[in-house]
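Since the structure comes first, as structure tokens, the remarks are kept for the end.
The values are calculated or read from the model by the stated rules, or taken from the named source; none is laboratory data. What you are looking at is a predicted structure, and each value in this text was computed from that prediction instead of being measured. Don't worry about glycine lacking a Cβ; one is built from the backbone with ideal geometry, like all the others, and counts go over all protein chains shown.
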Amino acid sequence: MAASMCRMERCLFVLLPFFLGVAQAVDRSNFKTCDQSSFCKRQRDIKAGQSPYRALLETMELTNSRLTLQLINDNNKVRLLLELYRLQGNMTRVKINELKPLKPRYEVPDVLIQDPPTEPLSVVAQDENGVVLSLGADEQRLIVSARPFRLDIVEGPKVLLSLNSRGLLVFEHLRLRKDTIAHKISSTVGSMWDRIRSVFSSKSQDDAEDGEGAEKTEQQAGGEQAAEGDQLKEEEELPGTWEETFKTHTDTKPNGPTSISLDFSFPGVEHVYGIPEHADTLKLKTTDGGDPYRLYNLDVFQYELHNPMALYGAVPVLLSHNTERTMGVFWLNAAETWVDISSNTAGKTVFGKMLDFVQGSSETPQTDVRWISEAGIIDVFIMLGPKPSDVFSQYASLTGTQAFPPLSALGYHQCRWNYNDQEDVRGVDQGLDDHDIPCDFIWLDIEHTDGKRYFTWDPNKFSQPKDMLQGLKDKRRNLVAIVDPHIKVDSNFKVHNEIRSRNFYVKNKDGGDYEGWCWPGNAGYPDFTNAEMRAWWASMFAYDQYEGSMENMYTWNDMNEPSVFNGPEVTMHKDALHGSWEHREVHNIYGLYVHRATAEGLIQRSGGVERPFVLTRAFFAGSQRYGAVWTGDNAAEWGHLKISLPMCLSLGLVGISFCGADVGGFFKAPSTELLVRWYQAGAYQPFFRAHAHLDTPRREPWLFGPENTALIREAVRQRYALLPFWYQQFYNAHRTGQPVMRALWVEYPEDSVTFDIEDEYLLGRDLLVHPVTEEGLKSLTAYLPGKREVWYDVHTFKKHAGGQSLYIPVTMSSIPAFQRGGSIITRKDRVRRSSACMENDPYTLYVALSPEGTAEGELYIDDGHTFSYEKNKAFIHRRLTFNDGVLSSSNLALDSQFTTASWVEKIIFLGARKPASVTLKTAGGSETRVEFEYDSALEVLSLRKPGVNAGADWTVLLR
Amino acid sequence: MLCAQLLFPLSLFLGLSATVEVQRPRGVPLSKRQFYEEGKPFTCLDGSRTVPFDRVNDDYCDCKDGSDEPGTAACPNGSFHCTNAGHRPAFIPSSRINDGICDCCDTTDEYNSGATCKNTCREMGRRERESLQKLAEITKEGFLLKQQLIEEAKRKKEEKQSKLTELQAGKRDVEEKVEALRTVKETAEQPEKEAKERHLKAWEEQKAVIRMEKDKAKMAEAFLELDDDADGYVSVAELQSHAELDPNSDGSLTEEEVQGLLGGADKVDTSSFENIWGNLKDKYVSESQAENPSSLETAPEETKEPVTDNESEPYPEDDIGVEEDDEEEEDDDDDTHEDFEDKVRSFFTAQKARDDFEESERALREIDDQVKNIEKELSFDFGPSAEFTYLYSQCYELTTSEYIYKICPFNRVSQKPKFGGSETNLGSWGSWAGPDDNKYTVMKYEHGTGCWQGPSRSTTVKLTCGKETTVTSTSEPSRCEYLMEFTTPAVCQEPLPVNVVHVDGHSDHVEL
């Protein structure tokens, strides 16, 4: 749901000023361009050149794993403190803050899962020009150059990455406002003060280093600023530094300019990825001549495709990639952020590049990236790879991995704004069964509440929620009810009264409770950055607090950017206050906190036993730890179906694996063809939920004629058959941080053909999917990577060589998908009406042989919904290998303990030779013959009913 | 559990008098029992292959059509037969066997899932029989009502038909009468018309005389005003002071221009002035007026002065019959008294003829309306036996928590907020929209009030058999697409003979 547009009849009066005339597409004028965001403009007006910063090597301090030194800006003499850390797992952390800020600057808490473990740093060489530090392995060095200040990370003779090489380190230090006394002094006494300052500042500097009081420091800082001369005066005179107005909203900016910026150069790199969320290509484009990519969580009504505008979530992580190395930059900052990307090869044609190469005149390709944030500090984690999987592990070691969802959450989700009442829910549940379409969740959007008061039920339409939930439970299905973070201001609403009385609301700049318009009308916004508030919020999900809730009811957090209909850019005023911090400083992390508090609530209500499932629209670095995200309010258009691939792939690169787009498209009504294709694509994306806007016609899967119902049923059934595979992928993502849905280059990093591919992808390493995302398509071309690989069509079992573009004719039932030769995929081919119904069902193993005749895979089983797998090691994790005609199942987790009723009903070998006989050996040593069938045309060998328990040790011998 | 069923009289079941438990694999309906012969190889029902009998229901799918696993979930396309003794037998998809959810009321689908199912067949059977019974009663009564409705409709239709015939016959008479009266009227209006024309002509003449005299007086006045030196001539200089006369309105009145105005002369006497007055009179502003500080721009003010010009006075046509008003006109009218009486008489004659004519026309229109209404009513499709006729021009309401819904069949559906607010049109009569074999069970109302960013509202009305004619529920399953449930005897089907219902209700016994 969750358009910022409500039913016009009901709330036109609220929205009129914001939304009139935006019915067709995003109203860009509601959102700032870089030019309209004063810090972005100020920063971007500063061009690359000689950096004014100098490293004061004499201030260098080196402890075992931390190096600090001061940087000075030769123009304004403000000093910064640089901290360098070598982190475990081949990472470097670079932190830059003001040496003596007037008041503390925001450092984003709660994103890192721990203080990142460090490793020793050692000085390899040092002179007056700089310092060379060893980063340990592979002759990696970190070079700190003093004048001008820059950092280079090198490996042997090769520069991997440079910081501030373009001189774009900019740090707007905190300062007193012009009309304060300090300024008056400076403007009246002028140059005399200047002279005093040079004496005074060097003295007080010494004092400061001796650790003297803050008061003095403040004086010093004030004095310095006041006397900094022309450069600073100019800065202050720039419009928008102390106050900024956008449309009708004025940002009072009591702290003045606070923005920061830093540039990164990647020699030898032409491909960079990441920094979601944008409705754009997987490979990031250069931003020269346009706006930078923007990271600022916003509720964008009817967003447009292929532009760098901000969307609902922000993960400030960028990956660089070339055939030799993959690296990552994690810019830990929660303020509004813009990212500029430029490349010296952008715009060059392939021919041009070739000419360069032939003539030997080729300059090294290079990509330059510049980060600009409005507040906070520079805190950067450089992940040095070198492989894509290393970068994922490195990032996971910092911010954690994907939450392991309950198995049911990987099933199909049936949603609509809105299912009207309990009877409607019952009817949809029945409709799914009548048409034999599996489903695990039915969803309720905002209309289920009593007047948009979350945690309540509409007394007429949902008067007996427990009856409804019990009805679903009887079908082994679940429900999701929405809980948004805006709370109706209503003195008869318990939740509001509690939040108000506990003083948990975000405050406006004047200290009163911040109020804005959202679905319920006037609403308050709980301060989720406050841990006490989050604990209270979590307690609201207790069964005795949340009336009508049951254990098969889960939660959806929408509008948590936060969305404020009458706020600037449809969000919260930046001068609103979260305790002592401005909203400006915490904006992008607000949604993560909402998600987190809700997920914790669901865990707590079960006494820590059950895994939560919470969907969020806004997100930040680390959100993967709390559940699923979706790509927000998309539209029923082919372009939106197509963009769902790169959007989820980008999220996968930065740790968020549980991603999906509204199947069918949220706004507008899809054509039947589009709906069917979207189901087919969605069935192979991690989060699989159909959703629709209130104003669209009903589109439950059986409303488009028997033929289309059958097509949709088949797509959903394919999803369910693969649930064991999905579950294992998520277990893997949870354990290792590797994405579930992967861009091809992630697995084929040396194959440059894959670098731009975004219309197909891999699930794990073994399943390649190229969904049909174009209207009326009769054929498509899929790239099968890996010159030494083979791929098997999962529907026909036909074998295809890797390293080629394969022409595939398609019909309305086609969902092109290929299993990699050398892999074993486990399925449950007995598809039932929900995942829970399939719990004890037997497995079929699909053993796809590599050209060498080998294969391997894994099987993971647990109870599907509790934390027992973690707390009690109650799970089964098997390794399946096929080698020299022997398929064996061995235990990957010897200390785990779990029993399953599931067994192996069938084993299908793809690309196999016909054996003379097949024997099954079980742990007890007994040997039995296994019957088999062989299709010589397709080289498919099917073993009939080995019958072994899925958790047991066994081997099958083909002779 | 079988005993209870055995108590039922079995004589009803043709050829099955020896009702014993027939041995057959789990999930196989009796009708297919003969394909599953214990101990003999089983051939898939599609004939695709033959497998040993121990592979039937061995929890592994051997047949493409799923027929070897009627009692397990092994085949993706299989189906399971539940006997449901006490209720109605059913097939369920194999995937619902042992899935932990009780699908068959006799619990036979959950034989190995640990689900605790209760046999509810007898209860369900009883309830169904009860409701069937009730339905049968309703249907029976409803069907009787329907017959009445059909009769009534027939009678009504005949009435309407004869009324129509009657009206059409009457219409011819009235039409003739109208024509006759039209002639009378036109004849009667002739003298009146002539009188009127005469009167009009005299009025025009009189107006012209008055106009001329006024103009002359104005001219004389102007001459006197202009002739500042009272020498009996208006000279160029004298005229030049009247800037408003500037022919090209450029703000200056030159000598040449004045000369032009004077017809090329330097000065004019009263008689020549008469000739040039035509050039001046439209613009000329009397000096007494010109003294007013505002000059040409204030022209609108002038129009505020009482207009003495008769030209704007309306011709008092409508007053022609009003004697008092006629007095004013007597001065220009040499009507004798007889003339006047004559005129009045002709007026009254004409008026009477007009009234008569109009009345007859009105009568004709009324007949036309009646004819049209009846024809419209007759044109509606009131069902195969016109059983829906009685709904025409009726309205039915249902009040929900928020709204009052109203349906006026064959007309429109509307919704009105319960606590004030205006009515919303949810659609006007469109068509019968049931399935092809049962068209008269669904009504479609379309083109209601438009929705924001969406289509216009429409309503589907589902008709079910009931003794009462009433709206039983309304909903809005999709935005602006309403669904209304409506009961009426008109859709009640002829009840099946009682003994057939009885057998139906117990047909489960066939499966013993």
Flag for B:Thr459 being within 14 Å of chain A (Cβ to nearest Cβ), β-branched (Val, Ile, Thr) and under 16 Å from the mean Cα position of the chain (by Cα) | no
Within the range A:665-722, track down each residue that is basic (Lys, Arg) and within 14 Å of another protein chain (Cβ to nearest Cβ).
-> A:Lys668, A:Arg698, A:Arg699, A:Arg713, A:Arg717
What pairs can you find where one residue is in the range B:37-48 and more than 12 Å from B:Pro25 (Cβ to Cβ), the other is assigned to a loop (DSSP other than H, G, I, E, B) and charged (D, E, K, R), and their Cβ atoms are less than 6 Å apart, with a gap of 6+ or different chains?
-> B:Cys44/B:Asp65; B:Leu45/B:Asp65; B:Asp46/B:Asp65; B:Ser48/B:Lys64
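The rows are residues; the columns are (1) assigned to a loop (DSSP other than H, G, I, E, B); (2) closer than 18 Å to A:Arg833 by Cβ; (3) among the charged types (D, E, K, R).
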position: B:Glu38; (1), (2), (3): yes, no, yes
position: B:Asp54; (1), (2), (3): no, no, yes
position: B:Tyr60; (1), (2), (3): yes, no, no
position: B:Ser67; (1), (2), (3): yes, no, no
position: B:Asp99; (1), (2), (3): yes, yes, yes
position: B:Cys102; (1), (2), (3): yes, yes, no
position: B:Asp109; (1), (2), (3): yes, yes, yes
position: B:Cys117; (1), (2), (3): yes, yes, no
position: B:Glu128; (1), (2), (3): no, no, yes
Out of the residues in the range B:44-89 that are of a type in the set (A, V, I, L, M) and within 13 Å of chain A (Cβ to nearest Cβ), state the one that is farthest from A:Arg830 (Cα to Cα).
-> B:Val51
Got a number for residues in the range B:90-116 being farther than 17 Å from B:Asp59 by Cα, more than 10 Å from chain A (Cβ to nearest Cβ) and not hydrophobic (A, V, I, L, M, F, W, C)?
-> 3
Which residues, taken from the range B:455-469, are under 16 Å from B:Met443 (Cα atoms) and in contact with a helix residue (DSSP H, G or I) (Cβ under 9 Å, 6 or more places away or on another chain)?
-> B:Lys462, B:Leu463, B:Thr464, B:Cys465, B:Thr469
Unique residue being over 25 Å from A:Gln685 (Cα atoms) and small (Gly, Ala, Ser) when the list is A:Ala817, A:Ala848, A:Ala874 = A:Ala874
The range A:73-98, residues that are part of a loop (DSSP other than H, G, I, E, B) and either crowded, with 20+ Cβ neighbours inside 10 Å or in contact (Cβ under 8 Å) with a residue 60 or more places away in the chain (or both) = A:Asn75, A:Asn76, A:Lys77, A:Val78, A:Gln88, A:Gly89, A:Asn90
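Condition check ((1) in contact (Cβ under 8 Å) with a residue 40 or more places away in the chain; (2) closer than 30 Å to B:Arg362 by Cα) across all residues:
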{"site": "B:Lys185", "(1), (2)": "yes, yes"}
{"site": "B:Ala202", "(1), (2)": "yes, no"}
{"site": "B:Asp229", "(1), (2)": "no, no"}
{"site": "B:Glu256", "(1), (2)": "no, no"}
In the range A:797-821, which residue that is farther than 21 Å from A:Leu744 by Cα and free of Cβ contacts under 8 Å to residues at least 40 places away in the same chain is farthest from the other protein chains (Cβ to nearest Cβ)?
-> A:Pro809
Hey, does the range A:667-674 have a residue that's over 30 Å from A:Val391 (Cα atoms), of a type outside the set (Ser, Thr, Tyr), in contact with a Leu (Cβ under 7 Å, 6 or more places away or on another chain) and modelled with pLDDT of 95 or more?
-> yes
In the range A:936-946, anything more than 14 Å from every other protein chain (Cβ to nearest Cβ) and not aliphatic (A, V, I, L, M) is listed as A:Ser936, A:Glu939
Of the residues A:Leu780, A:Leu723, A:Leu694, which single one is crowded, with 21+ Cβ neighbours inside 10 Å and not β-branched (Val, Ile, Thr)?
-> A:Leu723
Do we have B:Asp46 as among the charged types (D, E, K, R), in a loop (DSSP other than H, G, I, E, B), modelled with pLDDT of 95 or more and on the phi < 0 side of the Ramachandran plot here?
-> yes
Among the residues of the range B:462-490 satisfying the criterion of being within 13 Å of chain A (Cβ to nearest Cβ) and assigned to a loop (DSSP other than H, G, I, E, B), which is farthest from the chain's Cα centre (by Cα)?
-> B:Arg479
Starting from the range B:400-412, keep only residues that are away from chain A (no Cβ under 14 Å), then list their pairs with residues that are in a loop (DSSP other than H, G, I, E, B) whose Cβ atoms are within a distance under 6 Å, requiring at least 6 positions of separation or different chains.
-> B:Ile404/B:Lys418; B:Lys406/B:Cys395; B:Cys408/B:Cys395; B:Phe410/B:Phe380; B:Phe410/B:Tyr392
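Every residue, every condition in (1) more than 30 Å from B:Glu341 (Cα to Cα); (2) not in a helix (DSSP H, G or I), yes or no:
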residue: B:Glu194; (1), (2): no, no
residue: B:Lys207; (1), (2): no, no
residue: B:Asp215; (1), (2): yes, no
residue: B:Glu221; (1), (2): yes, no
residue: B:Glu244; (1), (2): yes, no
residue: B:Asp250; (1), (2): yes, yes
residue: B:Asn275; (1), (2): yes, no
Restricting attention to the range B:343-390, and to residues there that are part of a helix (DSSP H, G or I) and of a type in the set (Gly, Ala, Ser), which single residue is modelled with the lowest pLDDT?
-> B:Ser346
Of all the strands (runs of 3 or more DSSP E) wholly in the range A:822-916, which have at least 3 residues that are more than 14 Å from chain B (Cβ to nearest Cβ)?
-> A:823-827, A:843-848, A:855-862, A:875-883, A:886-891
Restrict the check to the range A:295-304 and report whether at least one residue is free of Cβ contacts under 8 Å to residues at least 24 places away in the same chain and not aromatic (Phe, Trp, Tyr).
-> no
Selected residue (criterion: nearest to B:Gln147 (Cα to Cα)) from residues of the range B:438-452 that are within 14 Å of another protein chain (Cβ to nearest Cβ) and surrounded by fewer than 16 Cβ atoms within 10 Å (Cβ to Cβ) = B:Thr449
Could you give me the residue pairs with C-beta distances under 6 Å whose first residue belongs to the range B:260-272 and is within 11 Å of B:Val236 (Cα to Cα), whose second residue is crowded, with 16+ Cβ neighbours inside 10 Å and among the hydroxyl-bearing types (Ser, Thr, Tyr) wherever it lies, and which are 6+ apart or on separate chains?
-> B:Lys267/B:Tyr233; B:Lys267/B:Ser235
Quick one: would you say A:His770 is more than 14 Å from chain B (Cβ to nearest Cβ) and without any contact (Cβ under 8 Å) to a residue 24 or more places away in the chain?
-> no
